[in-house]
Amino acid sequence: MRIGILGAGRMADALGTQWVRAGHELTLSGRDPVKVAALAERLGPAARAGTWTEAATAGEVVLLAIRDHAALDVLEAAGAAGGTLRGRVLIDCTNPVVPERFTLATEDGPSMAERVAATAVGARVVKAFNLCHEDVWRMTPPVFHGTPLAVPLCGDDDDALATTRSLVEDLGCVAVEGGGLERAGLLEATAAFMIGLWFRGADAQAVLPPLEFAFGRP
Ligand SMILES: NC(=O)c1ccc[n+]([C@@H]2O[C@H](COP(=O)([O-])OP(=O)(O)OC[C@H]3O[C@@H](n4cnc5c(N)ncnc54)[C@H](OP(=O)(O)O)[C@@H]3O)[C@@H](O)[C@H]2O)c1
């Protein structure tokens, strides 16, 4: 699969490394061409450096891996309002989390994923990969206590969800249907809440019961 990545930071590196390993071809982009070229070189011959627009139009899938405050501007720079992402799967891993408060920068309006969808005309947006630290996404595979990491997906397009599911499975994870894009804000809020717990030293995974207790005593 050909994958464009908007961003050349930590998430671009972590997920890009995994997807190159799985046999995909990448076009990377970022605001600093030197950094983009260095990442492309590190990822090897299956990765090339490009402009925002080249990454947006490189293939059927585009990963948006930009800091939340700049994500919509980058989409604009990639020509998203003019339709460069039309029909493509746009995976949004951004977390609009306010540092130290662990609230949402988007709490006065639509979720980040919905803003991404509104900006990227015609793109098939899927929220994914936002719940775990980059180092988890670098694991080969991310398996804890014998159980592969589950990755919730939110999106409205079945084919886009299936494509994203296969990219999740490339990491050795399992995808979990999280519902439509209207629920992506819940995933963003989950990230904010869990990150807040982690920063207070709490084990966020321990706050929920196992499935058999979810609806009461088994
Ligand atoms: N890192 C994680 O563990 C993690 C986990 C889950 C989700 N996320 C989310 O994934 C997204 C990417 O995270 P990251 O850790 O990869 O971030 P990052 O390394 O700090 O930066 C990602 C990209 O954003 C670019 N960027 C930052 N400010 C910009 C601006 N004003 N204009 C244009 N580009 C700008 C960076 O450019 P420069 O390199 O030139 O600064 C870089 O290419 C974020 O929304 C984050 O919330 C991160």
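What follows is calculated from the coordinates using simple rules that are stated; it is not laboratory data. The structure displayed is predicted, hence computed values, not measured ones. Cβ: placed from backbone, ideal geometry, glycine included. Neighbour counts: every protein chain shown.
What to note about this one:
- Working from label points 7 Å from Cα in the Cα-to-Cβ sense, the Trp198 to Thr147 distance is 1.8 nm.
- Global geometry of the stretch 2-207, whether rounded, prolate or oblate, following the gyration tensor of its Cα atoms and the 1.5 cut on a/c: rounded
- With contributions of -39500 (n - 2.57) from each DSSP H run of at least four residues, the per-residue ellipticity at 222 nm computed over the chain stands at -10500 deg cm²/dmol.
- Under the combined filter of DSSP loop state and at most 11 neighbouring Cβ atoms within 10 Å, the stretch 22-105 retains these trypsin sites (Lys or Arg not before Pro): Arg101.
- The modelled label-to-label distance for the pair Thr53/Arg67, using points 7 Å beyond Cα in the direction of Cβ, is 2.6 nm.
- Measuring r between the beta carbons of Leu211 and Met139 and using R0 = 22 Å, the FRET efficiency lands at 0.40.
- Among beta bridges that DSSP assigns inside the stretch 2-207, antiparallel share in %, nearest 5: 20 percent
- The calculated FRET efficiency for Leu186 paired with Glu76, based on their beta-carbon distance and R0 = 25 Å, is about 0.45.
- Centre separation in Å (Cα based) which lies between the stretch 35-53 and the stretch 121-171: 22 Å
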